[in-house]
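*Asks:* This structure is in structure tokens; I'll ask about it shortly.
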Amino acid sequence: MENISTEFANKWFLLPGPFHISICALRCLGKTVEGSGLEDAWIKADLYSSVVSGQILDGNHYNRAVEAH
């Protein structure tokens with residue numbers, strides 16, 4: 001059996017950190033509530049514009065998405 005230090009010497013391990021995991025969770029949450037009227041409520045309450053609310057549901061604006069959800 002090979003030594004552990006040489007067994008994984010030339011292999012890559014992709015480990016997403018907490019930031020990327022939370023972005024993925026926000027994107028999944030956005031897909032879940034998409035079409036529920038939440039986006040319209042944000043727009044009518046003048047919290048976010050239509051462009052920004054779409055970006056929040058897509059998971060593109062991290063800070064705003066955390067604040068909104």
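The values are calculated or read from the model by the stated rules, or taken from the named source; none is laboratory data. The model shown is predicted, which means the values in this text are computed figures rather than measured ones. Using ideal geometry, Cβ is built from the backbone for each residue, glycine included, and neighbour counts are taken over all protein chains shown. The protein model used for the area step is the full one, side chains on, heavy atoms only, and it has no ligands, DNA or RNA in it. Shrake-Rupley method; radii C 1.70, N 1.55, O 1.52, S 1.80 Å.
*Asks:* Which value, in Å² rounded to 10, gives the accessible area of L26 with a 1.4 Å probe and all protein chains present?
*Replies:* Answer for L26: close to 20 Å² accessible.
*Asks:* Still on this model: So how tilted is helix 18-33 from the main axis of the chain? Cα-based, degrees 0 to 90, rounded to 10.
*Replies:* 40 degrees
*Asks:* Something else now. For the chain, with only Lys/Arg (+1) and Asp/Glu (-1) charged at the beta-carbon, what is the dipole magnitude about the Cα centre, in debye rounded to 20?
*Replies:* I would put it at about 20 debye.
*Asks:* Hey, how much of the P(r) for the chain falls beyond 14 Å, as a percent of Cα pairs?
*Replies:* Numbers: 1498 of 2346 pairs.
That fraction is 64 percent.
*Asks:* Over the chain, give the accessible area per residue in Å² for a 1.4 Å probe, as an integer.
*Replies:* Heavy-atom SASA per residue in the chain reads 79 Å².
*Asks:* Determine the share of the chain's accessible area contributed by carbon and sulfur atoms, expressed in whole percent, with a 1.4 angstrom probe. Before the final figure, lay out each step's value.
*Replies:* On the way: 3220 of 5460 Å².
About 59 percent, which is the carbon plus sulfur part of the accessible surface.
*Asks:* For I43, I56, I23, give me the order by solvent-accessible area with a 1.4 Å probe, most accessible first, ignoring ligands, DNA and RNA.
*Replies:* Ranking I43, I56, I23 by accessible area, largest first, yields I43, I23, I56.
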